[in-house]
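Engineer: Have a look at the structure that comes next, please.
The values are calculated or read from the model by the stated rules, or taken from the named source; none is laboratory data. No experiment lies behind these values; they were computed from the predicted model shown. Please note: Cβ atoms are built from the backbone with ideal geometry, for glycine as well, and neighbour counts cover all protein chains shown.
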Amino acid sequence: MPYLRNRIGKQNIARVLLVLFLFALVPVAGVKADQKEDLEETIRNSQNAISEAEKQKKELQSGLTDVKKLVSELEATKKDLKQYVVKLDSNLDAIEQKIEELKQTIAGKEEEIEETGKTLDEAIEVADSQYASMKTRVKFMYEQGQTFYLDLLFGAKNFGELLNRTEFIEKIAAYDRKKLEEYQETRDKIAAFKEELEAEKMVLDAAKAGVEEEEAALNTLISEKQREITNYQSDINNKEAIIKEYENEIAEQNQIISALEAAVKEAKKKLAGTAIKYDGGKFKWPAPEYTRISDDYGSRIHPILKTQQFHNGVDMAAPSGSPILAAYDGEVVAADYSGSMGNYIMIDHGDDLYTIYMHASKLYVSKGQTVSRGEKIAAVGSTGRSTGPHLHFSVRQSGSYVSPWNYLSQ
Ligand SMILES: [Zn+2]
């Protein structure tokens with residue numbers, strides 16, 4: 001777009017200077033009335049073209065500003081998201097640290113449980129050996145002839161029953177009984193402690209599972225946010241690519257059109273006096289089978305960018321293959337193809353006035369041919385950068401696009 005702005009500016013400055021120069025050369029008194037009128041009209045046309053170009057320039061600039069704003073808004077959202085992800089990452093770090101601490105605590109607890117288990121086994125062994133030595137003593141007593149006690153001892157189903165048999169207890173040495181009780185007590189205490197440790201470990205395991213769940217949720221959230229960032233980035237890239245494409249398209253069109261205008265100007269210089277004159281008549285509607293104006297001339301919201309852009313012609317939606325008519329008498333200066341305009345025709349109507357017809361499916365005229373108002377020159381199509389069959393109709397006056405509505409009669 002800067003290319004377009006520069007071009008419009010330079011052309012118009014050159015044009016004004018040329019007009020002023022011509023004016024200065026001709027002494028006012030010596031100018032005939034009709035010559036003076038011509039000259040005044042040329043000046044008026046130039047001034048109109050300049051103000052039109054200024055308007056275009058402003059509109060293009062505001063469109064560009066909007067696109068830049070949009071991109072910077074997207075960038076800001078992306079930055080916010082990135083900051084959010086950094087915060088999430090630090091939360092994740094804290095959680096991972098918590099998990100690590102819990103793992104260590106659990107490992108400590110397991111070690112303690114294992115040691116307690118060993119102690120318990122030892123205590124059980126001590127109690128068992130005490131019981132064994134008691135039995136040895138009782139057996140000794142039996143060998144001394146006390147059959148009754150032996151029967152009692154071997155008839156007992158378990159140690160508890162044995163203890164309850166008071167007759168037998170009386171026979172056991174007080175020392176033995178005390179020791180046995182002590183050992184038993186120790187064994188029970190250790191078993192209780194081990195149980196307590198296992199309960200504690202269960203609580204820790206549950207805490208660890210909870211924190212791990214939190215960690216998984218946070219990881220999901222982070223990857224979601226990162227996906228969002230990627231989406232924002234590709235959105236930004238797409239928008240920038242579209243802007244670039246749009247700018248290239250406009251630049252390409254302008255390059256072709258102004259080269260054609262320059263070529264016509266050059267040719268006219270050589271054939272001085274025989275040039276076509278525009279008599280100021282109204283244009284014929286160029287797409288008689290059109291159904292609607294699908295996109296008007298001037299500033300509009302770009303369908304993809306959703307920002308203000310300048311549209312240099314009137315889009316007339318019409319069935320593919322329906323006729324395109326020459327809007328006015330003139331000479332065909334281009335019947336060609338371009339990537340953005342598709343099959344297009346440009347007609348010179350004289351006095352720096354041109355009409356351009358884009359996206360045709362077929363062209364019926366060729367360069368150099370003279371055409372008259374209402375003559376069939378092409379068929380509607382959707383070639384070039386087009387989203388459906390339509391005629392894009394542009395009018396150029398003194399090197400700038402002007403509103404076709406200034407010339408059209410319906
Ligand atoms: Zn268009």
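Engineer: If the requirement is being closer than 20 Å to Ala327 by Cβ, in a helix (DSSP H, G or I) and at pLDDT below 90, which of these qualifies: Ile276, Ile256?
Structural biologist: Details: Ile276 fails: in a helix (DSSP H, G or I).
So the residue among Ile276, Ile256 that is closer than 20 Å to Ala327 by Cβ, in a helix (DSSP H, G or I) and at pLDDT below 90 is Ile256.
Engineer: What strands (runs of 3 or more DSSP E) completely inside the stretch 364-410 contain at least 1 residues that are under 18 Å from Lys284 (Cα atoms) and within 12 Å of the ligand (Cβ to nearest atom)? Steps first, answer last, please.
Structural biologist: Working: elements: 376-379, 390-397, 400-402.
Here the list reads 390-397.
To keep it simple, each residue is scored yes or no on (1) surrounded by 15 or more Cβ atoms within 10 Å (Cβ to Cβ); (2) modelled with pLDDT of 80 or more; (3) part of a helix (DSSP H, G or I).
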site: Asp80; (1), (2), (3): no, yes, yes
site: Tyr84; (1), (2), (3): yes, yes, yes
site: Lys87; (1), (2), (3): no, yes, yes
site: Ala127; (1), (2), (3): yes, no, yes
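Engineer: Can I ask one more? Taking the stretch 276-286 on its own, how many of its residues are within 16 Å of the ligand (Cβ to nearest atom) and surrounded by fewer than 13 Cβ atoms within 10 Å (Cβ to Cβ)?
Structural biologist: Of the residues in the stretch 276-286, the ones within 16 Å of the ligand (Cβ to nearest atom) are 286.
Cutting the leftovers down to surrounded by fewer than 13 Cβ atoms within 10 Å (Cβ to Cβ) gives us none.
Qualifying residue count, the stretch 276-286: 0.
Engineer: Of (1) surrounded by 13 or more Cβ atoms within 10 Å (Cβ to Cβ); (2) touching a residue at least 12 places away in the same chain (Cβ under 8 Å), Gln255 satisfies all except one. Which?
Structural biologist: Unmet condition: (2).
Engineer: Moving to a separate point now. Does any residue of the stretch 287-297 turn out to be more than 14 Å from the ligand (Cβ to nearest atom), modelled with pLDDT of 95 or more and either buried (at least 21 other Cβ atoms within 10 Å of the Cβ) or part of a strand (DSSP E or B) (or both)?
Structural biologist: Quick first cut of the stretch 287-297, residues more than 14 Å from the ligand (Cβ to nearest atom) only: 288-289, 291.
This time we only want the ones that are modelled with pLDDT of 95 or more, so: 288-289.
Retained after the next criterion (residues that are either buried (at least 21 other Cβ atoms within 10 Å of the Cβ) or part of a strand (DSSP E or B) (or both)): none.
Checking the stretch 287-297: not a single residue is more than 14 Å from the ligand (Cβ to nearest atom), modelled with pLDDT of 95 or more and either buried (at least 21 other Cβ atoms within 10 Å of the Cβ) or part of a strand (DSSP E or B) (or both).
Engineer: Let me confirm something: among Tyr354, Tyr337, Tyr344, Tyr297, which residue is over 36 Å from the mean Cα position of the chain (by Cα) and in contact (Cβ under 8 Å) with a residue 12 or more places away in the chain? Walk me through how you get there before you give the answer.
Structural biologist: Values: Tyr337 fails: over 36 Å from the mean Cα position of the chain (by Cα); Tyr344 fails: over 36 Å from the mean Cα position of the chain (by Cα); Tyr297 fails: over 36 Å from the mean Cα position of the chain (by Cα).
Just one listed residue meets the conditions, Tyr354.
Engineer: Taking the stretch 228-245 as the region of interest, how many residues are touching a residue at least 24 places away in the same chain (Cβ under 8 Å) and not aromatic (Phe, Trp, Tyr)? Walk me through it before giving the result.
Structural biologist: Taking the stretch 228-245 as the starting set, the residues that turn out to be touching a residue at least 24 places away in the same chain (Cβ under 8 Å) are 228-229, 232-233, 235-236, 239-240, 242-243.
Narrowing the set further to residues that are not aromatic (Phe, Trp, Tyr) leaves 228-229, 233, 235-236, 239-240, 242-243.
So the count comes out to 9.
Engineer: Considering only the stretch 377-410, state which residues are touching a Pro at 6+ places or on another chain (Cβ under 6 Å) and surrounded by fewer than 21 Cβ atoms within 10 Å (Cβ to Cβ).
Structural biologist: The answer is Ser382, and nothing else.
Engineer: I would also like to ask the following. From the list Tyr149, Tyr131, exactly one residue is in the same structural domain as Glu185 (by TED's automatic domain parsing) and modelled with pLDDT under 65. Which is it? Talk me through it step by step, then tell me what you get.
Structural biologist: Numbers: Tyr131 fails: modelled with pLDDT under 65.
Only one candidate passes the filter, namely Tyr149.
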